1. Has the stretch 121-135 got any residue that is aromatic (Phe, Trp, Tyr), within 21 Å of ASP39 (Cα to Cα) and either at pLDDT 95 or above or assigned to a strand (DSSP E or B) (or both)?
2. Looking only at the stretch 110-140, how many residues end up being surrounded by fewer than 19 Cβ atoms within 10 Å (Cβ to Cβ) and either farther than 29 Å from LEU53 by Cα or among the hydrophobic types (A, V, I, L, M, F, W, C) (or both)?
3. For the stretch 28-103, which fully contained helices (runs of 4 or more DSSP H) count at least 1 residues that are of a type in the set (Phe, Trp, Tyr) and farther than 23 Å from ARG122 by Cβ?
4. Just give me the residues in the stretch 39-57 being without any contact (Cβ under 8 Å) to a residue 60 or more places away in the chain and either in contact with a Leu (Cβ under 9 Å, 6 or more places away or on another chain) or buried (at least 20 other Cβ atoms within 10 Å of the Cβ) (or both), in sequence order.
5. Scan the stretch 84-102 and give yes if some residue there is in contact with a His (Cβ under 7 Å, 6 or more places away or on another chain) and modelled with pLDDT of 95 or more, otherwise no.
6. List the pairs whose first member sits in the stretch 126-143 and is of a type outside the set (Phe, Trp, Tyr), whose second member is crowded, with 18+ Cβ neighbours inside 10 Å and assigned to a loop (DSSP other than H, G, I, E, B), and whose Cβ atoms are under 6 Å apart, counting only residues at least 6 apart or on separate chains?
7. Looking only at the stretch 27-75, which residues are among the hydrophobic types (A, V, I, L, M, F, W, C) and closer than 26 Å to PRO101 by Cα?
8. Any residue at all in the stretch 18-30 that is more than 26 Å from TRP155 (Cβ to Cβ) and at pLDDT 90 or above?
Amino acid sequence: MLTTAPEVLPSMPESEIELNPDLKTTEQERPGRILLVDDDTASVEPLDIQLRLQGFEVISTTTGRQALDLARSWHPDAVVLDLCLPDVHGFDICQALSANPATSDIPVIILSGMEGADIVRRCRAVGGMYYVAKPYDPNVLLLLISEAVAEHRLWHETSIEDSE
């Protein structure tokens, strides 16, 4: 069941959210969908704004359980995931997304302040596409998100062509 807690809804005021009435919009024409998962709303807000200015649709959540629900129901083009969440560890979220056939194609960018010699290896082992350490360069993160969205869409394009 999808929870509609305030932290799950887009952070822009409802009057500023534009809905596309054209239901025939193709995958390539619609804006990229980004799911931001971080319990530190102060660090999510600037990233949310930057992504919206770049033309992305963004939904943010502060918990791992809501992230899993949103990934299944909204099917974003990429997930930006913090590792230290209040309810579920980010590695477990990433592994659950990778293991589920409905979400296994969604690229996950792990954004965390967690340190350790094997952190990147551990992120890759659970299905993470990229690891970005906090504090981060916003331009690098935007580039990685754009790359992840492009790869996700290319994969879908190729899958559709292969099935025809």
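1. Step one: of the stretch 121-135, the residues aromatic (Phe, Trp, Tyr) are 130-131.
Checking which are within 21 Å of ASP39 (Cα to Cα) leaves us with 130-131.
Imposing the further condition that a residue be either at pLDDT 95 or above or assigned to a strand (DSSP E or B) (or both) reduces the set to 130-131.
Yes, the conditions are met somewhere in the stretch 121-135.
2. 14
3. Details: elements: 41-53, 64-74, 90-99.
The qualifying helices (runs of 4 or more DSSP H) are 64-74.
4. To start, the set of residues in the stretch 39-57 that are without any contact (Cβ under 8 Å) to a residue 60 or more places away in the chain comprises 39-42, 44-45, 48-49, 52-53, 55, 57.
Correct list: ASP39, VAL44, ASP48, GLU57.
5. Of the residues in the stretch 84-102, the ones in contact with a His (Cβ under 7 Å, 6 or more places away or on another chain) are none.
No; the residues of the stretch 84-102 include none that is in contact with a His (Cβ under 7 Å, 6 or more places away or on another chain) and modelled with pLDDT of 95 or more.
6. Close Cβ pairs satisfying both conditions: MET129/PRO107.
7. Within the stretch 27-75, the subset among the hydrophobic types (A, V, I, L, M, F, W, C) is 34-37, 42, 44, 47, 49, 51, 53, 56, 58-59, 67-68, 70-71, 74.
Result: ILE34, LEU35, LEU36, VAL37, PHE56, VAL58, ILE59, ALA67, LEU68, LEU70, ALA71, TRP74.
8. Pass one, the stretch 18-30, residues more than 26 Å from TRP155 (Cβ to Cβ): 18-19, 21.
Those still in the list that are at pLDDT 90 or above too: none.
Checked the stretch 18-30: no residue is more than 26 Å from TRP155 (Cβ to Cβ) and at pLDDT 90 or above.
The values are calculated or read from the model by the stated rules, or taken from the named source; none is laboratory data. Quick caveat: nothing in here was measured; it's all calculated off a predicted structure. Glycine also receives a Cβ, built like all others from the backbone with ideal geometry; neighbour counts cover every protein chain displayed.
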